[in-house]
Amino acid sequence: MSIARFWRETPRRYNLGGSRCTQCGTVYFPPRAVCPNCTHHRQSIEKMVPFQLSGSGEVFSYTVVHEAAEGFEMQVPYVVALVRTEEGPILTGQVVDVDPAEVRIGLKVRATFRKLREEGRAGVIHYGYKFAPAEESAPVRSPGPSATAVPGVPAAPDRAST
């Protein structure tokens, strides 16, 4: 992904900013200009409003990655999941702070702000959302490379000590 495109997508990547159709109430992520759900799509033109997703949801489906793509070799095994948010849209994201064997369909999760990757040796560091278990009973593993601290952003609570 180009740096310019990454910066254009920053608001939704950092804030989970979507859109909602004022005609039918359907929520979309990423934001849309027209609602494909409305019977007459033209009715929704200029009637889509910004909408902030809560970041809470549950695992709809998932897979455990054992053969990582280039740049992610140090994170295997890791979980990539489809997460159905409370508002309805399904987002794709990595599930962190839990042993991959403990992830299951229906696991309650919440979005968390994390390092996604680095571009090149001295490149730009890309941040965005991942998902962490919301249940207090979920087994927690110590943060690995995917849980890089971001200056000015509070760290996720350490549930292992509670």
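Is it the case that G120 is at pLDDT 50 or above and closer than 20 Å to G55 by Cβ? In short, no. Of all the criteria given as (1) among the aliphatic types (A, V, I, L, M); (2) closer than 22 Å to T22 by Cβ; (3) touching a residue at least 60 places away in the same chain (Cβ under 8 Å), the one not satisfied by V49 is (3). Every condition in (1) more than 18 Å from Y14 (Cα to Cα); (2) modelled with pLDDT of 90 or more is met by Q75 except one, and the failing one is (2). Please tell me if Q75 is over 16 Å from S56 (Cα atoms), of a type in the set (S, T, N, Q) and surrounded by 13 or more Cβ atoms within 10 Å (Cβ to Cβ). The answer is yes for Q75.
The values are calculated or read from the model by the stated rules, or taken from the named source; none is laboratory data. As the structure is a prediction and not an experimental result, all values here were calculated from the model. Here the Cβ is made from the backbone with ideal geometry for all residues, glycine too, and neighbour counts use every protein chain on show.
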